[in-house]
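Presented below is the structure to which this report refers.
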Amino acid sequence: MVFWQAFLAEKHYGDPQDALVASVQYQLTRLLNSEAPLMKLPPQLQQVEGSNLRFGLDSLQTISSQMNNEQFARQLEDWVKAFEPRLAAVQVEVHAREEHKNRVSFSLLARLKTERGSHALVFDSSISLAGQKVEMEGQEIV
């Protein structure tokens, strides 16, 4: 978090909890904006699946066209759990797809452990399938 505050944060946060929530949102946005390398790994390298080598989503176009909403939600949950260890009880709810928009909209719900206790977070998000661009708006529920 110190690296994030020193080099990446766009504004200064006086409250450490606000900074923590903003850094989680930043990390999730980077995860969902990244595409993992399309390489097949041998089965004996299972630990590599959760490493930085696999950071990002698999081909989003392929995934969204081949999975139903439930499968897609579970896959997003797995990615978040693998790459954002500060979050617990991660749930993804995929919203009904709008036919005229080439995007997947979803809500990401999770618990964030802070010095002041555990807080519920909700990120209303969407991923543009054309450019794999993520929009993520966060809110904290104490």
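Read-outs: derived from the displayed coordinates by stated rules, not from any lab. Every value quoted in this text rests on a predicted model; they were computed, and no experiment measured them. Note: ideal-geometry Cβ built from the backbone for every residue, glycine included; neighbour counts use all protein chains shown.
Near the amide H of LEU129, under 5 Å away, which other amide H atoms are found, from residues 5 or more places off or on another chain, if H is placed in the peptide plane?
Excluding prolines and chain starts, which carry no amide H, the hits are ARG103, VAL104.
Please express the Cα-Cα pair-distance distribution P(r) of region 82-130 as a list of whole percents, one per 10 Å bin, running from 0 to the bin with the greatest distance.
Bin by bin from 0 Å, the calculated values are 24, 43, 23, 9, 1.
Once both labels are modelled 7 Å past Cα along the beta-carbon direction, what's the ASN33-GLN139 spacing in nm?
Calculated label separation equals 2.3 nm.
Using 1/(1 + (r/R0)^6) with R0 = 22 angstrom and r between the beta carbons of ALA130 and ARG86, what's the FRET efficiency to the nearest 0.05? Please report the intermediate quantities before stating the final value.
Working: r = 31 Å, r/R0 = 1.39.
Efficiency, from the Cβ-Cβ distance: 0.10.
Could you give the length gained by full extension between ALA96 and GLN44, i.e. 0.36 nm per residue of separation minus their alpha carbon distance, to one decimal place?
Details: separation 52, 0.36 × 52 = 18.72 nm, distance 3.79 nm.
Taking ALA96 through GLN44 to full extension adds about 14.9 nm, to one decimal.
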